[in-house]
Amino acid sequence: MDKSMLGDLQSLSEEDNIKMSAMIEQLQIRDSLRMYNSLVERCFNDCVDTFKHKSLQKQEESCVRRCAEKFLKHSMRVGMRFAELNQGAATQD
């Protein structure tokens, strides 16, 4: 978040600041749930082949584990890159 936005937030009334914080929290929760759902859907579709057994087969389980690790590493890398770009943009102002 750049400095001008922080200044705008600080100029809000206490009530509006509370509302804004609640809205930001809801957006963060929504984004977390979207990421989780995307992870589950992608890994399930890529790794689960049959429904012959109640539980995952060994190869399905290891596939899901690898898939989840890749997805989380990718998400962390994208987040770090976004932060780097955002920080670079803030220093140019």
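The values are calculated or read from the model by the stated rules, or taken from the named source; none is laboratory data. Predicted, not measured: the structure shown is a model, and the values here were computed from it. Cβ atoms come from the backbone with ideal geometry, glycine included; neighbour counts cover every protein chain shown. The accessibility values were calculated without ligands, DNA or RNA, using every heavy atom of the protein model including side chains. Shrake-Rupley method; radii C 1.70, N 1.55, O 1.52, S 1.80 Å.
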Please work out which residue is surrounded by the most Cβ atoms within 10 Å (Cβ to Cβ), limiting yourself to the range 54-93 and to residues that are charged (D, E, K, R) and over 23 Å from Asn37 (Cα atoms). Glu84
Looking only at residues that are in a helix (DSSP H, G or I), at pLDDT below 90 and over 30 Å from Leu85 (Cα atoms) in the range 1-47, which one is least open to solvent (accessible area, probe 1.4 Å)? Glu15
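Can you confirm whether Thr50 is part of a loop (DSSP other than H, G, I, E, B), out of contact with any Lys or Arg (no Cβ under 8 Å at 6 or more places or on another chain) and hydroxyl-bearing (Ser, Thr, Tyr)?
Working: part of a loop (DSSP other than H, G, I, E, B): yes; out of contact with any Lys or Arg (no Cβ under 8 Å at 6 or more places or on another chain): yes; hydroxyl-bearing (Ser, Thr, Tyr): yes.
Yes: the conditions hold for Thr50.
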